[in-house]
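Notes for the one structure printed next.
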Amino acid sequence: MRRTNIGTGNGNLIIDEQNENLINQLHEQTNALKSLSIHIGEEVRCQNNFLQTSFMHDVDKVDGVLKLSMTKLGHLAKHNPSKFILYLIMFAFLIFFLCWVIIKLK
């Protein structure tokens with residue numbers, strides 16, 4: 001059986017207009033999401049560069065302090081071996097004491 005579309009011409013125009021409006025809204029939303037994702041990507045790259053440079057600066061500072069400490073420790077071990085052993089034993093007792101206090105507090 002064949003359907004006739006009597007009086008539906010105006011209804012089709014309204015539906016077409018609604019579809020066009022929905023398509024335009026969807027297009028605007030996709031453009032907004034696209035620009036948002038582009039901005040997020042730019043921000044991620046900027047933050048990544050900042051973290052890398054900041055991290056490398058901090059690593060360089062720690063590396064310098066560690067090398068200086070190792071140099072001083074080597075110098076102390078060569079010139080005053082008795083003081084070196086005393087400091088080493090005191091350090092070990094300090095670490096054990098701190099571990100004991102932490103365990104007792106829990």
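Restricting the search to the stretch 58-86, which residues are surrounded by 11 or more Cβ atoms within 10 Å (Cβ to Cβ) and not hydrophobic (A, V, I, L, M, F, W, C)?
Answer for the stretch 58-86, where residues must be surrounded by 11 or more Cβ atoms within 10 Å (Cβ to Cβ) and not hydrophobic (A, V, I, L, M, F, W, C): GLY74, HIS75, ASN80, LYS83.
Being surrounded by fewer than 10 Cβ atoms within 10 Å (Cβ to Cβ) and out of contact with any Lys or Arg (no Cβ under 7 Å at 6 or more places or on another chain), is that true of even one residue in the stretch 18-28?
Within the stretch 18-28 (the criterion being surrounded by fewer than 10 Cβ atoms within 10 Å (Cβ to Cβ) and out of contact with any Lys or Arg (no Cβ under 7 Å at 6 or more places or on another chain)), the answer is no, since none of the residues qualifies.
Residues in the stretch 1-59 that are at pLDDT below 90, aliphatic (A, V, I, L, M) and more than 34 Å from the chain's Cα centre (by Cα): how many?
The total comes to 2.
The values are calculated or read from the model by the stated rules, or taken from the named source; none is laboratory data. No experiment lies behind these values; they were computed from the predicted model shown. Cβ sites come from the backbone with ideal geometry, for glycine too, and all protein chains shown count toward neighbours.
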